[in-house]
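Each reported figure results from applying straightforward, stated rules to the coordinates on display, with no laboratory input. Bear in mind the structure is a predicted one, so any value in this text is a computation, not a measurement. Positions of Cβ are generated from backbone atoms using ideal geometry, with glycine treated the same way; all protein chains shown enter the neighbour counts.
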Amino acid sequence: MPGMKMLAELMRELEHQLGGCMRCGMCQAVCPLFSETGLEGDVARGKLALLDGLLEEMFNDPKGVVERLSRCLLCGSCAANCPSGVSVLEIFIKARAILTGFMGLSPAKKLILRGMLSHPEIFDRMAAWGSKFQKIFTRPANELIGTSCARFVSPLIGNRHFTPLAKIPFHRRIPSLNTNKGRSGIKVAFYVGCLLDKSFPHIAQDVVDVLQHHGVGIFMPKGQGCCGIPAISSGDTVTFNRLVRHNLEIFDAEEFDCLVTACATCTSTIKEIWPMMADKNSGYVKTRVAAIAQKTLDIQQFLVSRVGLEKLEAADGSEPVDVTYHDPCHLKKSLGVSAEPRSLINANPAYRLIEMSESDRCCGLGGSFNLAYYDLSANIGNVKMDHIRASGCSMVATGCPACMLQISDMLSRSGGKIRIKHPIEIYAELLKNLD
């Protein structure tokens, strides 16, 4: 459990930040959850009003406060559109940490977060077992999209259609890499992330192939852990700090110019949440987090701004595949990365980009929000699905593997025949044609 000194510091920071909210209600217009429920308690303004009396409410109704704060996608729509510049995500994350420090974790969360996620080797082993035995409990749902569903009635899976675990995770295909700078004169650290490693290893392979094509040196250390977002979203600072320190130590083994990821959530976590929430009592952690956060870039942003894209002229008579693009919240709203993924798609003449309506509207996943409030998550996701279908495209691309999971679920359950790709896959296809 975090120390009282840390909790008191978080409380002071929280009280200071809450003063910026003018209760104007602008967050209502952009909150995907509020648009679904119409409840004031589900919008940022309502939650911030609740947090004004957090210290008293923690003792009077701690479970009620936790419930209100948990009903949030952490998508950042409110913060991105706040005229007062209130750091809403930071406030909510700190509030969750305070409440978890006061109440403790539930036995289930303690088992998952501290017993498994905080130990990368155990997490890898559990995922390997899951991959091996998943066919016993699941069956294919949509072959085009690549989803599965429960073979039997399951309280955990419900009626979800999900992307199954890969037979061979990326860390077993390529345990580590350490190559010299090529013609680019740049060396990057590649942070793979849990979803790319365990569910989308082909995307991680495309990242490696693209970097090597451009003559970029790659440092990919063995034994990478989770970025910590599931832990800190649950207020578990113990697991979060353990994972931050673990990743810092393994990436400290080599010098590099940038750290790149192909996961919007991992990028924003390392770049924004690590400096915000990492252990401030450790000089080493504070210094190293600041340094690595400054060097962290989304892979698409890195390719466009640091390397430059290659392009190929369209072949005469070839009909391109129509593809639309979904802006992940953590990529556009948190990091301002929006044009770069589109540049990767446009570089490949085999694809034609067609914009959907409200491309930056949240898909509704929200990490653990999807597990706790699946019906709400699915309703929000169905709006995104309708926008994708209305574009008339046979493919949707997005730069976040978590968004890929949600969109796959929505499209698959509706019987959709729309494929889903990461823009790096589309760009990698182009480079394979050039080689």
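Placing a label point 7 Å from the Cα of Ser368 along the Cα-to-Cβ direction, the residues of the range 193-211 whose backbone N falls under 19 Å of that point are 194-195. Each Lys or Arg adds one and each Asp or Glu subtracts one; over the other residues with Cβ under 14 Å from the Cβ of Pro120, this totals +3. Could you let me know the centre-to-centre spacing of the range 226-257 and the range 14-75, using Cα atoms, in angstrom? Using only Cα atoms to place each centre, the spacing works out to 27 Å. For a Förster distance of 51 Å, can you work out the FRET efficiency between the beta-carbons of Met22 and Glu319, rounded to the nearest 0.05? Computed FRET efficiency for Met22 and Glu319: 0.45. Annotation: aspartates and glutamates with alpha-carbon distance below 15 angstrom to Lys132 (same-chain offsets under eight excluded): Asp124. The Glu355 and Ala291 beta-carbon pair, evaluated with R₀ = 45 Å, returns a calculated FRET efficiency of approximately 0.75.
Annotation for the range 249-329: GluC sites (Glu not before Pro) lying in DSSP loop with at most 13 further Cβ atoms inside 10 Å of their Cβ are Glu254, Glu255, Glu313.
With a Cα cut-off of under 28 Å and a minimum spacing of 8 residues unless on different chains, the lysine pairs in the range 315-435 number 9. Counted as membrane-span-like here are DSSP H helices of the chain whose alpha-carbon atoms extend 15 Å or more along the helix's own axis and whose Kyte-Doolittle mean is 1.0 or above; these are 88-103.
Beta bridges per DSSP, both residues in the chain: antiparallel share near 25 percent. Here the alpha carbons of the range 315-434 define both size measures, Rg and Dmax, at 14.4, 51 Å.
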